[in-house]
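Before any comments, here is the structure.
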Amino acid sequence: MAHKNSKQIDIPPAIPTTYGLIGYPLGHSFSSTYFTEKFYREDIPNTRYQTFPLEQIEEFKSLVTETENLLGLNVTIPYKTAVIPFLDQLDETAEKVGAVNTIKVSDGKLIGYNTDVVGFEQSLQPLLQKQHQKALILGTGGAAQAVAYVLQKLGISYQFVSRTAGPKKLAYKELRQTHMQEHLLIVNTTPLGMAPNDQSFPLIPYEFVGKQHLFYDLVYNPEKTIFLIKGKLQGATIKNGKEMLIVQAERAWDVWMMG
């Protein structure tokens, strides 16, 4: 029986270890569900995964300083390149790609990694055939840089395509039959077609697509974007970004847990 003058000592709860995702906008997050369930399966207590929608990349600095016990972040559209100046160090792959999708906080330093590379490469390679020697990369953001890095590594030449033309990119409206017939691998790295805006799609001349084409969409929600559906209707082989997402997430986990 406790003495009548004894006092209960309140022990403050431990600050949870925090991981999260930055980008904008952030709707339903695959990463949030995936890592929350993984922390549970791996029996890692007092750990949380949060989404941090940042309207401006300049908000990143205060996020890092104000979030206690922050150990890691994933980075998505549109900040895979914009976040780099805020980091202390890049690993070799991220430096070569020029884009970051995973950040580890170690001894107070922010270290950037790119796990999109291994995710894209592992999910693409089984689908490649001898005719896939040239590719069109739709989009020019951070994900496009990772795709270009992998294609170069695999010996596949590529051409960037965007809304506006530039020194190293074509505009969608410039694509002709010859472009489509020469480039039999077409990779969508843009958010076009992603839910909830799932009626949008890259404006390429689909009528020139055939059975030798491979359409790869980094978008995974919905499972079949209009881009993929249009490719399939023309006889192309299609692949969405779900496997890439899982592979890159597992590599991000390795980075956080083992370095």
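Below is a table of values for the structure above.
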quantity	calculated
Tally of residues being aromatic (Phe, Trp, Tyr) and touching a residue at least 12 places away in the same chain (Cβ under 8 Å) across the stretch 37-66	3
Residue list for the stretch 202-259, restricted to those being aromatic (Phe, Trp, Tyr) and outside any loop (DSSP other than H, G, I, E, B)	TYR206, PHE208, PHE215, TYR216, PHE227, TRP253, TRP256
Qualifying position, being without any contact (Cβ under 8 Å) to a residue 24 or more places away in the chain and among the aliphatic types (A, V, I, L, M), among ALA94, ALA99	ALA94
Some residue of the stretch 52-66 being closer than 23 Å to ALA14 by Cβ and charged (D, E, K, R)	yes
Qualifying positions in the stretch 44-87 - under 19 Å from the mean Cα position of the chain (by Cα), over 10 Å from GLY23 (Cα atoms) and either exposed (fewer than 11 other Cβ atoms within 10 Å of the Cβ) or of a type in the set (S, T, N, Q) (or both)	GLN50, THR81, PRO85
All positions within the stretch 142-170 that are part of a strand (DSSP E or B) and of a type outside the set (A, V, I, L, M)	SER157, TYR158, GLN159, PHE160, SER162, GLY166, LYS169
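Each value in this text was obtained by applying a stated rule to the coordinates, not by laboratory testing. Note that this is a predicted model, so its numbers are computed, not measured. FYI the Cβ positions are ideal-geometry reconstructions off the backbone, even for glycines, and counts take in every protein chain you see.
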